[in-house]
Every structure is written in structure tokens, then in C-alpha cells.
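Contents: one structure, followed by commentary.
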Ligand SMILES: C[S@@+](CC[C@H](N)C(=O)[O-])C[C@H]1O[C@@H](n2cnc3c(N)ncnc32)[C@H](O)[C@@H]1O
């Protein structure tokens, strides 16, 4: 698996962009590009999970980090991405640095099947409602 993503990474990126996941198209008339639709998929997921400021998110199988960066940027959450491809970690770290988000979005070479993380290391803490909210 490590070799697969390291070897095919550049080709996958050329064909599909920075997100290696499904796209979300609104319907048959939606002409969004794969990049737009896969970004939308990330946004829908983050919204439905209620990710927000104060959350610490684990992105297990983070690819080159594009979804993690997007979630952190749109929600204010902290994100740790893990992958078993060292090449992806290097690319993801570089993207985070270029985006100026290395303080909130980190990446590690780690197997999701054996992370060694303590239970509840990643917290879903709902954002407190603003003034006037019911
Ligand atoms: C289809 S790609 C998705 C990448 C990313 N989530 C995205 O949407 O762009 C699958 C990812 O899972 C990672 N992966 C596969 N098995 C893994 C494991 N056991 N632990 C951590 N990452 C893993 C791969 O290296 C790759 O980054």
C-alpha cells in the first residue's frame, strides 16, 4: 500500500487533483470540476460532523493533506493527518507550510491500525453557540 501511493501519487494527482476521494455533485446539471466536487465533499463531511473551533480532528489516511488543510481552514479546528506513505507526509507538510498553517495542521507517518494514540486524544467539542442562539 505504501508503495502504491508513493509510486502512483504523481499520476493520481495529475488525473484527480489534490483530493483522492469521491466528489459531491449536486445533480446531473452540476458541471463542477473534480477539484470543486471533491472539495465540496470535504466541506459537507466537516459540516455534518459539526467540526469547529476547539475540535481536534484525526484524518486517518490523509493523502497529501489537502482535505486536512481545507477542514482546518474552514472550521478553525486542529487537524492531525496520518498516512503510511512517507512521500505523502513530505508533500502534506510542504502544503501546510506554504499555506502558513503548520501550527494547526500536522502530518505524521503512522499506520491507522496501530496509532498508539491514547483514547480520546481527538476531541469533538461542539462550538459554543453565539449570543442570542437558542
Ligand atoms: C484513497 S487515499 C485518500 C487520501 C485522502 N483522505 C484524500 O481524501 O485525499 C487513501 C489514503 O490512506 C492511506 N492509508 C492506507 N492505509 C493506511 C493505514 N493503514 N494507515 C494510515 N494511512 C493509510 C494512504 O496512504 C492514502 O493516503
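Regarding the stretch 24-37, can at least one residue be identified that is under 27 Å from residue 110 (Cα atoms), within 13 Å of the ligand (Cβ to nearest atom), modelled with pLDDT under 95 and part of a loop (DSSP other than H, G, I, E, B)? Step through it out loud before you land on a result.
Within the stretch 24-37, the subset under 27 Å from residue 110 (Cα atoms) is 35.
With the extra rule that they be within 13 Å of the ligand (Cβ to nearest atom), the set shrinks to 35.
With the extra rule that they be modelled with pLDDT under 95, the set shrinks to 35.
Those left that are additionally part of a loop (DSSP other than H, G, I, E, B): none.
No.
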Could you give me the residue pairs with C-beta distances under 7 Å whose first residue belongs to the stretch 1-19 and is farther than 21 Å from residue 110 by Cα and more than 8 Å from the ligand (Cβ to nearest atom), whose second residue is part of a helix (DSSP H, G or I) and at pLDDT 80 or above wherever it lies, and which are 6+ apart or on separate chains?
16/34; 17/34; 17/35; 17/38
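Looking at the stretch 81-103, which of its residues are without any contact (Cβ under 8 Å) to a residue 24 or more places away in the chain and in contact with a strand residue (DSSP E or B) (Cβ under 8 Å, 6 or more places away or on another chain)? Show your work before the answer.
Quick first cut of the stretch 81-103, residues without any contact (Cβ under 8 Å) to a residue 24 or more places away in the chain only: 89-90, 94, 97-98, 100, 102-103.
Correct list: 89 only.
Scan the stretch 55-68 for residues that are assigned to a helix (DSSP H, G or I) and either without any contact (Cβ under 8 Å) to a residue 24 or more places away in the chain or touching a helix residue (DSSP H, G or I) at 6+ places or on another chain (Cβ under 6 Å) (or both) and jot them down.
Applying the first criterion (assigned to a helix (DSSP H, G or I)) to the stretch 55-68 yields 66-68.
Within the stretch 55-68, just 67 meets the criteria.
The values are calculated or read from the model by the stated rules, or taken from the named source; none is laboratory data. Keep in mind the model is a prediction, meaning the values are calculated, not measured. Glycine gets a Cβ as well: all are built from the backbone with ideal geometry, and neighbour counts include every protein chain shown.
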